[in-house]
Structures are given as C-alpha cells and as structure tokens.
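Chemist: After the structure tokens below, expect a handful of questions from me.
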Amino acid sequence: MNTEKLIEKQISSRLVFDGVVAHLYLDEILLPNGERSTREYLKHNGAVAVLAIDKDDNAYIVNQYRYPHGRVITEIPAGKLDFAEEDHLEAAMRELREETGLTSASVTYLGEYIPSPALLSEVIYLYYATDLSLGAQDLDEDEFLSVEKLPFDMLVQKVLNGEITDGKTVCAVLKVDKMRNEKK
C-alpha cells in the first residue's frame, strides 16, 4: 500500500500553551488533496511503563488518582521521560524503583504504545521486568499512589473483564500473556 498519498504537510506552527508536561500547538497544514486545514495537538516527551512480575508470578501494579478522569486508576508503574532523548530503559528502571521500590536484573523491551495518535505526540515505551529485588520506594514530592501485588493470571482476568482499562497496562499485560503462552 502506498501511504505517501496520505501525508499532511505542515505550513506553519504556533505554540498556544507551553506547559510543564504538555505543549499545545496549532498548526496549519496542507492536506493530501491540496486543501488547507488545521491540527491541534499536544507535544509530549514520551513515557515508559513496566510490567514487573516476581518469581512467584505476582505482578506489581499501582493505584493512582488521575485528575483528568476524576478517579483512581489501576496501572503498571510508569512515568514520563525527563527529556525527549532520555534513555528509555534507564527511565523505566528509575520509575519502577521510585514507584514500587523494585529493581530488576532481567528486562525485556515490549515495544511502543501510542495512546492517542490524533491528539498527542506521546509514545510510551513498554518493558517487562523479572528477577526482581525489593528496596525502598522513592516517590516524587507530588506523587501519591499505592502498590498492589496480585497473581499475574488475576491481572490478566481484570484486564479481560474490563476492571483495568488503562491502555498501556492493557497492552503490556496482553503482550506478556501472549509471550508466556507461546513459550508453553
């Protein structure tokens, strides 16, 4: 399939809001048919997320209040990149340690997850961590969360029955479940 005919070209770009985490742009673009239009989008440095599973097959998840949704969301440990070029693996291991106190001696890269491609430039880099050691949690000053440990099979069921709806968590859990089932 020739996707070249789908490309939109930027004519101009204007920063509308420059936040700490997100930067809102309004761009004028040229559509593939030659017409002009606009695109609003948020630029974001990206993020990492880690599905950590211990030797007893327990997964570590966090419960955190997410302001835009007005409720506590259950998700795997995750966090934003401090800068766009930050090493993804190092950031993932930092976030795992900060949020759960865990470190990992064996990490597998699961790939990229793009949470909202029509609105956000954010890419979340997913990891699977095993061979875990427990240390001290080191939360950011403005971070409040609780860590929960549950059997991986139960986590898979919570994803499948809709109790866990966070996209990066759903993606990582299903990828790891598929990987593990293929090894059997």
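Chemist: For residues that are touching an Asp or Glu at 6+ places or on another chain (Cβ under 8 Å) and within 19 Å of ASP166 (Cα to Cα), scanning just the stretch 123-144, find the one that is surrounded by the most Cβ atoms within 10 Å (Cβ to Cβ). Lay out the reasoning, then the answer.
Modeler: First, the residues of the stretch 123-144 that are touching an Asp or Glu at 6+ places or on another chain (Cβ under 8 Å): 123-126, 130, 132, 137-140, 143.
If we keep only those that are within 19 Å of ASP166 (Cα to Cα) too, we end up with 123-126, 143.
Numbers: VAL123: 18, ILE124: 23, TYR125: 22, LEU126: 25, GLU143: 13.
Per the stated criteria, the residue is LEU126.
Chemist: Right, here's the next one. Within the stretch 93-107, take every residue that is surrounded by 15 or more Cβ atoms within 10 Å (Cβ to Cβ) and assigned to a strand (DSSP E or B) and give me the one that is nearest to the chain's Cα centre (by Cα).
Modeler: Checked the stretch 93-107; the qualifying residue nearest to the chain's Cα centre (by Cα) is VAL107.
Chemist: Inspect all residues belonging to the stretch 76-84 and state whether any of them is among the small types (Gly, Ala, Ser), within 17 Å of LEU139 (Cα to Cα) and in contact with a helix residue (DSSP H, G or I) (Cβ under 9 Å, 6 or more places away or on another chain). It would help to see each step written out before you state the result.
Modeler: Start the filter on the stretch 76-84 by keeping residues that are among the small types (Gly, Ala, Ser), which leaves 78-79, 84.
With within 17 Å of LEU139 (Cα to Cα) added as a condition, the list becomes 78-79.
Checking which are in contact with a helix residue (DSSP H, G or I) (Cβ under 9 Å, 6 or more places away or on another chain) leaves us with 78-79.
Yes, there is a match, as at least one residue in the stretch 76-84 is among the small types (Gly, Ala, Ser), within 17 Å of LEU139 (Cα to Cα) and in contact with a helix residue (DSSP H, G or I) (Cβ under 9 Å, 6 or more places away or on another chain).
Chemist: Look at SER116 and say whether it is under 30 Å from ILE7 (Cα atoms) and without any contact (Cβ under 8 Å) to a residue 24 or more places away in the chain.
Modeler: So SER116 fits the description; yes.
Chemist: Here is a follow-up. Any residue at all in the stretch 14-21 that is outside the structural domain of LEU134 (by TED's automatic domain parsing), under 23 Å from VAL170 (Cβ atoms) and free of Cβ contacts under 8 Å to residues at least 60 places away in the same chain?
Modeler: Taking every residue of the stretch 14-21 in turn, at least one turns out to be outside the structural domain of LEU134 (by TED's automatic domain parsing), under 23 Å from VAL170 (Cβ atoms) and free of Cβ contacts under 8 Å to residues at least 60 places away in the same chain.
Chemist: Taking the stretch 149-184 on its own, how many of its residues are part of a loop (DSSP other than H, G, I, E, B) and among the acidic types (Asp, Glu)?
Modeler: Residues flagged as part of a loop (DSSP other than H, G, I, E, B) and among the acidic types (Asp, Glu) within the stretch 149-184 amount to 2.
Chemist: Is there a residue being over 20 Å from the mean Cα position of the chain (by Cα) and of a type in the set (Gly, Ala, Ser) anywhere in the stretch 145-154?
Modeler: No, that holds for no residue.
Chemist: Here's another thing I want to ask about it. Which condition number does TYR109 fail, the rest of (1) aromatic (Phe, Trp, Tyr); (2) without any contact (Cβ under 8 Å) to a residue 60 or more places away in the chain; (3) in contact with a Lys or Arg (Cβ under 6 Å, 6 or more places away or on another chain) being met?
Modeler: It is condition (3) that TYR109 fails.
Chemist: Hey, another quick one. Suppose we filter VAL147, VAL123 for residues that are in the same structural domain as ASN63 (by TED's automatic domain parsing), among the hydrophobic types (A, V, I, L, M, F, W, C) and under 17 Å from LEU81 (Cβ atoms); which single one remains?
Modeler: VAL123
Chemist: Do we have any residue at all in the stretch 127-135 that's out of contact with any Ser or Thr (no Cβ under 7 Å at 6 or more places or on another chain) and at pLDDT below 95?
Modeler: yes
The values are calculated or read from the model by the stated rules, or taken from the named source; none is laboratory data. What you are looking at is a predicted structure, and each value in this text was computed from that prediction instead of being measured. Neighbour counts are summed over all protein chains in view; Cβ atoms, including those assigned to glycine, are modelled from backbone coordinates with ideal geometry.
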